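One structure is given below, encoded as structure tokens.
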Amino acid sequence: MKKLLKKLSKKVNLKSKVNLITKPNSSLENKTGPWRTEKPVTDMKACIGCSLCAKVCPEGCIVMKINKKFPGKLKPETDYDYCKGCALCAKECPVKAIKMENDY
């Protein structure tokens with residue numbers, strides 16, 4: 001096994017540096033919203049404020065905030081700069097208050 005690894009390391013040149021295209025923990029620097037074809041739109045009147053959408057969002061771009069139109073109630077706010085349009089929020093909404101709309 002050691003001989004095989006030695007042969008491979010010579011062929012591959014394992015000592016060479018790897019140039020990363022992106023650096024770790026840089027997602028806040030890379031706005032990915034333009035990738036999507038659909039975006040989630042929340043019907044604030046239908047929303048019950050359960051925060052399930054914020055919990056299932058893989059990008060963490062949905063946060064629950066008190067909405068001025070609905071004082072004292074938490075409503076989702078989506079950061080479209082980072083939303084990829086995966087539709088998990090719309091699929092998991094128990095009252096179907098989130099609909100996916102074309103974003104082009």
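The values are calculated or read from the model by the stated rules, or taken from the named source; none is laboratory data. What you are looking at is a predicted structure, and each value in this text was computed from that prediction instead of being measured. Here Cβ is always computed from backbone atoms with ideal geometry, including for glycine, and neighbour counts include all displayed protein chains.
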- Taking the condition in a loop (DSSP other than H, G, I, E, B) and of a type outside the set (Val, Ile, Thr), does CYS50 pass? yes
- For residues in the stretch 66-78 being basic (Lys, Arg) and surrounded by 12 or more Cβ atoms within 10 Å (Cβ to Cβ), which is farthest from the chain's Cα centre (by Cα)? LYS73
- Of the residues in the stretch 53-104, those that are in a loop (DSSP other than H, G, I, E, B) and among the charged types (D, E, K, R) number 9
- Residue satisfying all of: in the stretch 50-63; in contact with a strand residue (DSSP E or B) (Cβ under 8 Å, 6 or more places away or on another chain) and crowded, with 17+ Cβ neighbours inside 10 Å; nearest to PRO34 (Cα to Cα) among these: CYS61
- May I ask you to list the residues in the stretch 66-104 that are at pLDDT 95 or above, among the basic types (Lys, Arg) and in contact with a strand residue (DSSP E or B) (Cβ under 8 Å, 6 or more places away or on another chain)? LYS75, LYS99
- Message: Could you tell me how many of the residues in the stretch 39-56 are closer than 18 Å to PRO71 by Cβ and hydrophobic (A, V, I, L, M, F, W, C)?
- Response: 4
- Under 7 Å by Cβ, and 6 or more places apart or on different chains, what pairs join a residue from the stretch 75-98 that is of a type in the set (Asp, Glu) with one that is part of a helix (DSSP H, G or I)? ASP81/GLY33; GLU92/LEU52; GLU92/CYS53; GLU92/VAL56
